[in-house]
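Below is one structure; the comments refer to it alone.
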Amino acid sequence: MPELPDYAQQARSHWTKSNSDFTAENARESWSRDEIVWGVWKTPESDVGILPELRGLDVIELGCGTAYFGAWLKKRGARRVVGVDITPAQLDTAREMNEEFGLGLEFIEANAEDVPLPDASFDMAFSEYGASIWCDQYRWIPEAARLLRPGGELIFMRNTDLEMVCSPDDARIAERLIRPLKGMHRLDWFSEGDQSTEFHLSASDLFQLLRRTGFDVLDLRQLYASEDSVDHPYYNFVPAAWARQWPSEEIWRARKS
Ligand SMILES: C[S@@+](CC[C@H](N)C(=O)[O-])C[C@H]1O[C@@H](n2cnc3c(N)ncnc32)[C@H](O)[C@@H]1O
């Protein structure tokens, strides 16, 4: 594997720990689910309605983690699902679940900004809080475009730019603006002795990047916590009370022209 950027090495340490603290333990419950739900607030796809018909599609999940979303896409009829992730521990859990549930996903350990697969191999590139926030948009979005066939779709979930501008480097979200939106890109977080790096562009900069990379933006949905949402036991930096008032997560759908 080519030498990894500093943030990808950090992400691997961070997600090795997260795997033992939370994600491995929760993978089975997620893989077992038949209903597709999005993000921290588990918003049902039946309410959102953003996914296209999946039957027969070849899908690549960039930063798949334990690959429960890829599993749901396969259950919905995707022909082939390939999960790419940089963290061996996350892939071990994904492989174990894949064995147990017999869904026939494939996995590759790689940086989602530089995937060792040929051009135009997939009909859909997907990420739910994987490459969408852990990789540099100026690298992973062109890489997704390279992997897609003409007419293929890029669908991803990320935090809203509003959430990011209200989030300090080391603590839970506030109800005021804390960082500039202008030029927002690399964010370094420091929490309980852990350092990690994410990438967040303003919606306008992301829209322009998608257009320049050859995508037509088809849809954008911003999601709120519902009245009965409770704080997430692990991803607890945004309380449900905040996300009932402001959208904390969003889904983009774009088509390669
Ligand atoms: C939050 S998980 C996303 C998976 C799942 N949808 C979820 O929400 O748990 C983030 C994943 O991105 C992976 N990741 C971080 N940086 C990466 C990179 N440069 N290339 C590939 N995967 C990466 C991490 O290893 C981790 O498994």
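The values are calculated or read from the model by the stated rules, or taken from the named source; none is laboratory data. All values derive from a computational prediction rather than experimental measurement. A quick note on method: Cβ atoms are made from the backbone with ideal geometry, for glycine too, and the neighbour counts reach across all protein chains shown. Accessible surface is based on the protein model in full, side chains and every heavy atom, while ligands, DNA and RNA are left aside. Shrake-Rupley method; radii C 1.70, N 1.55, O 1.52, S 1.80 Å.
Annotations
- Straight Cα distances below 26 angstrom link K42 to the lysines K17, K74, K75, with same-chain residues fewer than 8 positions distant left out.
- The label-point distance for D194 and E100, in a model that sets each label 7 Å from Cα toward Cβ, rounds to 2.1 nm.
- Apportionment of accessible area to carbon and sulfur, the stretch 129-257, percent (1.4 Å): 50 percent
- Between amide H atoms placed 1.01 Å from N, distances below 5 Å from I86 occur with A110, all of them 5 or more places distant or on a separate chain.
- Cβ charges +1 (Lys, Arg) and -1 (Asp, Glu), total dipole of the stretch 1-98, debye: 300 debye
- Rounded, prolate or oblate (a/c below 1.5 giving rounded, otherwise prolate when a/b exceeds b/c) for the stretch 159-257 by Cα gyration tensor: oblate
- Solvent exposure of the chain as accessible area per residue, Å², 1.4 Å probe: 45 Å²
- Highest mobility in the GNM of the chain, judged by mean-square fluctuation with C-alpha springs under 10 Å and restricted to S196, S13, S204, is found for S204.
- Of the peptides 28-40, 165-177, 77-89, the ranking by mean beta-carbon count within 10 Å, highest at the top, reads 77-89, 28-40, 165-177.
- Computed extension length for R139-D228: 28.3 nm, one decimal, from 0.36 nm per residue of separation with the Cα-Cα distance subtracted.
- Amide H partners (placed H, <5 Å) of G152, local residues excluded: K256
- By the helix-only formula, in which each DSSP H run with n ≥ 4 contributes -39500 (n - 2.57) and the sum is divided by residues, the chain has a 222 nm mean residue ellipticity of -8500 deg cm²/dmol.
- Distance from the Cα centroid of the stretch 156-172 to that of the stretch 32-67 is 22 Å (rounded to whole angstrom).
- Accessible area of the stretch 36-107 belonging to carbon and sulfur atoms, whole % at 1.4 Å probe: 44 percent
- Gyration tensor (alpha-carbon) shape descriptor, the stretch 36-75, a/c threshold 1.5: oblate
- Antiparallel content of DSSP bridges confined to the chain, in %, to 5: 55 percent
- Cα gyration tensor category, rounded, prolate or oblate, for the stretch 31-183 with a/c compared to 1.5: prolate
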